[in-house]
Amino acid sequence: MLNFNKTLIKPNDRLIVAVSGGIDSMVLLHYLHALRQEIPFEIIICHINHHTRKATASEAEFVSETAARYGLACEILDFHYNQEKNFHHVSRLARYDFFKDMAKLHKANKIVLAHHADDLAETILMRITRGSGFIGYAGILEKSKFKGIEIIRPMLRSSRDDISSYQTQYLVEYREDESNQKDDYTRNRFRHHVMPLIKAENPIYTQKFAQFSEYIQEAHGLINNMAKNFLEQSVIFETDKASLSCDKLNNLEPIIIKEIFKLIVDKVSNNKVEMSFSHLCELVNLSKGEKTMGEIDIDEFMVVKKSYDTLTFFNHMPTHTQYEFTISGPGEIMLPNQDIFLISTNNSNFSGKYYELWYNDLDLIFPMTIRNRRPGDRINLPYGTKKLKDLFIEKKVPHAIRDEVPLVFDKSLELLWIPSYFGRKKSEGINCLYLIYQKGI
């Protein structure tokens, strides 16, 4: 008997139903078509012709004829494989984008797929073998989302034997994909050689894998909620980056920290970066390690940097343009990062950090120079000189902003002021200029 979760389908749903022509999807279509006598909803059939076998043209025609016989709309995508890329990855993305586009075109609210209990068991074993994120070990989910569209798998509780029995009982016509009999693909090798051994050990193995999946999903729900609460309270998100204090992770279990990092990467990368277990472990070690600085590349673009107690996730590493301005008198300039530097005879109308420059003769003050750091910069001190790099280390200036911090030099090009981090000993005089630094909005 087919174990079909009818609760996933509501009255007046508009469903995109993926139909390959194989036994699983044809049984799904047959059941859904009959279910419309009980629940009013619409069906739009979607089929992808991958052009990988001679039979794909006839399979597309078969699906189209079945749709016409049922009186249903049918959309077919002609997909041509680019040999330069992984077929399964590229074709999967193409399928899901096609389903999403058809859902938008037909104003459908759900995509229905024919995955079943044996698919679930195979997927769990494959992911255990290859490695996965925690929720990945749950295998296939009965409900999920793809770019805002709900995906449902109402046959996920049915075994392959259940589907075969339904097909025999109702004489559901289907087409057999001969490539399913080959061991070219990982799933086929598991299906042909591993699953029969497991079935021999326990004929109801699909139920046990379903229980395992449910446990993983429940545990992940708890972990995910704790991680989301941490993000709301302790993570600062900005455009293309996020930062947090490593100290706030101290009392958390490693599995919670891993989920926090995964959620941060998902959000900063807009779900375009897949985290490996090794990357998650590296990040945990980086956050808890004694080193004050470190860096981990997540992929070609995403980088995570540690600077003292701060961990920063960059969607792409910021590029810092060298800048230099010459200032001949009171006035205002905007720095490349939109921060403001100005010189004024009073500070009553401004906010931000300021430095008092006392003088007797303006000719001894101007021109002044403001720029970001250069290799070899040093600071003159009463007891000698110090490298600017050493000052930044002592003051724990975050590495990510060291190339943005403005340096103010006097007429003789001696370092006068670094907002928040250094100010030369106050000079003497009867007049005062205010050097003011305001962070951009």
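The values are calculated or read from the model by the stated rules, or taken from the named source; none is laboratory data. Given the structure is predicted, the values throughout are model-derived calculations rather than measurements. As a convention, Cβ positions derive from the backbone with ideal geometry for all residues, glycine included, and neighbour counts pool all protein chains shown.
Hey, can you tell me all the residues within segment 317-329 that are surrounded by 14 or more Cβ atoms within 10 Å (Cβ to Cβ) and not in a strand (DSSP E or B)?
Correct list: Met317, Pro318, His320, Tyr323.
Please tell me if Ser427 is out of contact with any Gly (no Cβ under 6 Å at 6 or more places or on another chain) and within 30 Å of Lys305 (Cβ to Cβ).
Judged against the criteria, Ser427 is not a match.
For the condition surrounded by 13 or more Cβ atoms within 10 Å (Cβ to Cβ) and within 18 Å of Met226 (Cα to Cα), what is the one hit in Glu282, Glu259?
Within the list Glu282, Glu259, the selection yields Glu259.
What pairs come up if the first residue lies in segment 190-211 and is without any contact (Cβ under 8 Å) to a residue 40 or more places away in the chain, the second is in a helix (DSSP H, G or I), and their beta carbons are under 8 Å apart, counting only those six or more places apart or on different chains?
Taking only residues 6 or more apart or on different chains, the pairs are Lys199/Tyr205; Asn202/Lys208.
Suppose we filter Phe325, Phe314 for residues that are over 21 Å from Pro398 (Cβ atoms), in contact with a strand residue (DSSP E or B) (Cβ under 7 Å, 6 or more places away or on another chain), at pLDDT 90 or above and not small (Gly, Ala, Ser); which single one remains?
Phe325
Got a number for residues in segment 220-239 being without any contact (Cβ under 8 Å) to a residue 12 or more places away in the chain and among the small types (Gly, Ala, Ser)?
Of the residues in segment 220-239, 1 are without any contact (Cβ under 8 Å) to a residue 12 or more places away in the chain and among the small types (Gly, Ala, Ser).
Restricting to segment 313-333, what's the tally of residues that are farther than 13 Å from Leu435 by Cβ, β-branched (Val, Ile, Thr) and without any contact (Cβ under 8 Å) to a residue 40 or more places away in the chain?
2
Quick check on Ser213: is it assigned to a helix (DSSP H, G or I) and within 24 Å of the chain's Cα centre (by Cα)?
Yes, satisfied.
Looking for something of a type in the set (D, E, K, R), free of Cβ contacts under 8 Å to residues at least 40 places away in the same chain, closer than 21 Å to Phe392 by Cα and loosely packed, with under 15 Cβ neighbours inside 10 Å - is there at least one such residue anywhere in segment 292-310?
If we filter segment 292-310 for residues that are of a type in the set (D, E, K, R), which is where we start, we get 295, 297, 299-300, 305-306, 309.
Still in the list and also free of Cβ contacts under 8 Å to residues at least 40 places away in the same chain: 295, 297, 299-300.
Still in the list and also closer than 21 Å to Phe392 by Cα: 295.
Adding the requirement that they be loosely packed, with under 15 Cβ neighbours inside 10 Å leaves 295.
Yes, because at least one residue in segment 292-310 is of a type in the set (D, E, K, R), free of Cβ contacts under 8 Å to residues at least 40 places away in the same chain, closer than 21 Å to Phe392 by Cα and loosely packed, with under 15 Cβ neighbours inside 10 Å.
When you go through Ser412, Ser427 one by one, which is the residue that is of a type in the set (S, T, N, Q) and either modelled with pLDDT under 85 or in the same structural domain as Ser307 (by TED's automatic domain parsing) (or both)?
Testing whether each residue is of a type in the set (S, T, N, Q) and either modelled with pLDDT under 85 or in the same structural domain as Ser307 (by TED's automatic domain parsing) (or both) leaves just Ser427.
Take the residues of segment 162-189 that are in contact (Cβ under 8 Å) with a residue 40 or more places away in the chain and basic (Lys, Arg): which is nearest to Ser25 (Cα to Cα)?
Checked segment 162-189; the qualifying residue nearest to Ser25 (Cα to Cα) is Arg175.
Condition (residue is over 34 Å from the mean Cα position of the chain (by Cα) and crowded, with 16+ Cβ neighbours inside 10 Å) applied to segment 44-56: is it met by at least one residue?
Yes, segment 44-56 has at least one match.
Quick grid of which residues meet (1) under 25 Å from Glu150 (Cα atoms); (2) in contact with a His (Cβ under 6 Å, 6 or more places away or on another chain); (3) at pLDDT 95 or above:
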{"residue": "Ile43", "(1), (2), (3)": "yes, no, yes"}
{"residue": "Lys54", "(1), (2), (3)": "no, no, no"}
{"residue": "Tyr70", "(1), (2), (3)": "yes, yes, yes"}
{"residue": "Glu84", "(1), (2), (3)": "no, no, no"}
{"residue": "His88", "(1), (2), (3)": "yes, no, no"}
{"residue": "Met102", "(1), (2), (3)": "yes, no, yes"}
{"residue": "Ala108", "(1), (2), (3)": "yes, no, yes"}
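For segment 408-441, enumerate the residues that are of a type in the set (Ser, Thr, Tyr) and within 21 Å of Asn360 (Cβ to Cβ).
Residues satisfying the conditions are Ser412, Ser427, Tyr434.
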